[in-house]
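One structure is given below, encoded as structure tokens.
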Amino acid sequence: MTSDTLEARRSGRTYAFPMSRIVIFVIAVAILALVPAGATALHMPSVTGFATQVLIYAIAAMSLNLILGYGGMVTFGHAAFFGVGGYVLGILYQHSAQRSAFLALVPGTDNLAVALLAAVLIGAATAAVIGSLSLRTRGVPFIMITLAFAQMLFFLFVSLKTYGGDDGLMMRRRDVVPFVDARDDISYYLICLTLAVGWLVLTWCLVRSRFGAVLSGLRQNERRMMAIGIAPYRYRLVAFVIAGAGAALAGALMANYLRFVSPDMMHWTKSGELMMMVILGGAGTLFGPILGAAAMLALETALAAYTENWQFYLGIILLAVVMTTRGGLSALLDRASGR
Amino acid sequence: MTSPMLELRGVCKRFGGLTATDDVSLAISPGELHAIIGPNGAGKTTLLNQVAGELRHDAGAILLDGHEIGTLPPWERVGRGLARTFQITQLLPDETVLDNVTLAVQVQRGHSFRFFADARSDPDAHAQATQFLQDVGLAASASVRVADLAHGERKQLELAVALATRPSLLLLDEPMAGLSFVESQHMVALLRRLKGRVTMVLVEHDMDAVFALADRISVLVYGRVMATGSSDDVRANPAVRTAYLGEDGD
């Protein structure tokens, strides 16, 4: 019964977007845009950096939510694309700094826009390869194959000594953008905010489009979809590629923010973390992954300040939230606002 | 003599040592309502699944309107004009009744790689879907979520969704199963209205419904067609009486 009402809430919320919600949305974005100013005024500059990371993880979690939440594809290798995006930016930066070329063919760049575009394209291409093979399976085999691909990439980058191997790749400075001082923390925060909002709007368009209806239909009943003439594989693959591109965008933003990329970005624990963000926030909801990313990072930061064994307490809290809210923070928020 | 809408030529299907479909040949004319009856485990649903493409037959040929469809995946067979309903209803539980049908209407009109326009602001598709719901008598429940729908209504919705793909051949897998007497009567009336507009293959245990609706009946026993003919022929056939009707005890 509870699951039924939750489903009702979910299907209602997924598509409906009345005027009042748009107003709330605009206000929320405006408040987020003022975070750096507030942080400076309160002499808490680290808040801007924290918020930047939240936004970047939010993009990654939103991209995973498209396939996990809406599409019902339980992938355990999403961090692969996050890491690939990071490495694209890192490698391009290194070649730019060394005035060399990738495979002696592709020159490097320290232009953020070019690097992000490259990350998105290569992330999409990687997802196309991994997806085209793994989406031939379903359920547990699908989980294992996506995990296996992510681990293969992890060990590939561990063994790539040219690009730092195990130690990862350091960047001396952040990438630049024409006309904007992207090396400034506040400007970079605003760039990340713009891209996160952009990805949110893209996701919103996708899930209420005919493509989204098919994707969600495949999650609910694949036999039914085949019986009305849908070839499941193609639609799932396109969703998988879009999700891979989104995770790569987030990975590149994160690498640029930290000026560091390492194989840890694509470790299976990172895939698990992204999954937790989605489930904690509310899988198959528009804003859930953003809430999940913020909550996860806030908990990590707060708990790590208290104890070395913070992961233990994090686990307990996550368990409690997921078990009691049945639908994540997003469902909790909806109930609180009486919807 | 018009060419058959559906033709099966020596269709065989084996699961290990079990022969589920044994050299089945059938020809069903356009507009015909052809019932397939037989005891439980006779392979009726298995045969339907092979025609629909969920199962691949081992030998033989399946022709829809003169074209071989036996090698096509299920969704391409739908594109060729084949639709089916399921014995155990297969619907989208999170969506409303109307959305279930609208989606089928939209898929029928072309591919769904449309990423930006709102799928629900498609008045034309809604209008068509509403029409199909009216046809099956479900228009009043258009905005009800499928998960909240009663069993009988789900059976009606199955039919509406199948019709929304605008089929020339409709495979009906036990549409009366689990229906009350009244609901069953309603479904019979519904199928009778469809007769002639769509060619139908009806797998059904409800003999009253079968004899009321079918132009011709095939009796399937152990995967083999034991007899094909009008309802009177089949009722009179002694082998059928022993193998099937007699066992039913009526």
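The values are calculated or read from the model by the stated rules, or taken from the named source; none is laboratory data. Source: prediction; values computed, not measured. Heads up, the Cβs are rebuilt from the backbone with ideal geometry, glycines too, and the neighbour counts pull from every protein chain shown. Side chains are part of the model used for accessible areas, which takes the heavy atoms of the whole protein and leaves out ligands, DNA and RNA. Shrake-Rupley method; radii C 1.70, N 1.55, O 1.52, S 1.80 Å.
Could you work out the mean count of beta carbons from other protein chains within 10 Å of each residue's beta carbon in B:100-112?
Across B:100-112, the average partner-chain Cβ count within 10 Å equals 5.
Sorting A:308, B:76, A:222 on solvent-accessible area from highest to lowest, probe radius 1.4 Å, gives A:308, B:76, A:222. Partner lysines whose Cα lies under 17 Å from the Cα of residue B:13, excluding those fewer than 8 positions away in the same chain, are identified as B:44. Residues whose amide H falls under 5 Å from that of residue B:20, counting only those 5 or more places apart or on a different chain, are B:13, B:14, B:15, with hydrogens built in the peptide plane. Antiparallel as a % of all DSSP beta bridges within the protein assembly as shown, to the nearest 5? Percentage antiparallel, nearest 5: 60. For residue B:58, the solvent-accessible surface with a 1.4 Å probe is about 80 Å², rounded to the nearest 10. Using only Cα atoms and rounding to the nearest 10 degrees, what angle (0 to 90) does helix B:97-108 make with the longest principal axis of chain B? The angle comes out near 80 degrees. Highest mean packing comes first when the peptides A:281-292, B:134-145 are listed by Cβ atoms within 10 Å, giving A:281-292, B:134-145. When the charge dipole of the protein assembly as shown is built from unit charges on Cβ atoms (+1 for Lys and Arg, -1 for Asp and Glu) and taken about the Cα centre, the candidate among B:92, B:240, B:20 whose Cα reaches farthest toward its positive end is B:92.
Summing Lys and Arg as +1 and Asp and Glu as -1 over all other residues whose Cβ lies under 12 Å from the Cβ of residue A:211 gives a net charge of +4.
Charge dipole (Cα centre; +1 on Lys/Arg Cβ, -1 on Asp/Glu Cβ; no other charges) of the stretch A:2-267 amounts to roughly 820 debye. Normalising the average separation of contacting C-alpha pairs (under 8 angstrom, six or more residues apart) by the number of residues puts the relative contact order of the stretch A:252-339 at 27 percent.
Note on surface exposure: A:267, A:43 rank A:43, A:267 by accessible area, highest first, 1.4 Å probe.
Peptides A:139-145, B:84-90 ranked from most to least packed give B:84-90, A:139-145, packing being the mean of other C-beta atoms within 10 angstrom over each peptide's residues. Based on C-alpha pairs under 8 angstrom that are at least 6 apart in sequence, chain A has a relative contact order of 31 percent.
If R0 is 22 Å, the Cβ-Cβ spacing of residue A:302 and residue A:176 corresponds to a FRET efficiency of close to 0.05.
Note on chain A: with a GNM built from Cα contacts shorter than 10 Å, the maximum mean-square fluctuation among A:271, A:187, A:262 falls on A:187. Give the carbon-plus-sulfur fraction of the accessible surface of the stretch A:2-267 in %, rounded to a whole number; probe 1.4 Å, heavy atoms of protein chains only. About 70 percent, which is the carbon plus sulfur part of the accessible surface. Per-residue shielding of B:80-86, expressed as the average number of other chain Cβ atoms within 10 Å of the residue Cβ, stands at 2.
Counting alpha carbon pairs within less than 8 Å and at least 6 residues apart, what relative contact order, in whole percent, applies to chain B? This gives 27 percent for chain B.
These residues, A:132, A:46, A:216, go from largest to smallest accessible area, 1.4 Å probe, as A:46, A:132, A:216. Simple spin-label estimate for residue B:88 and residue A:22 gives 4.4 nm between the two label positions (7 Å along the Cα-to-Cβ direction from each Cα).
Compute a Gaussian network model of chain A, connecting alpha carbons closer than 10 Å, and tell me which residue from A:253, A:200, A:64 fluctuates the most. Looking only at A:253, A:200, A:64, the biggest GNM fluctuation is shown by A:200. A probe of 1.4 angstrom, applied to the heavy atoms of all protein chains, finds residue A:170 with accessible area near 150 square angstrom. Straight Cα distances below 30 angstrom link residue A:270 to the lysines A:161, with same-chain residues fewer than 8 positions distant left out. Dipole magnitude for the protein assembly as shown: about 1000 debye, using +1 per Lys or Arg Cβ and -1 per Asp or Glu Cβ, origin at the Cα centre. Cross-link partners for residue B:195 among the lysines, with Cα-Cα distance under 19 Å and sequence neighbours closer than 8 places in the same chain left out: B:155.
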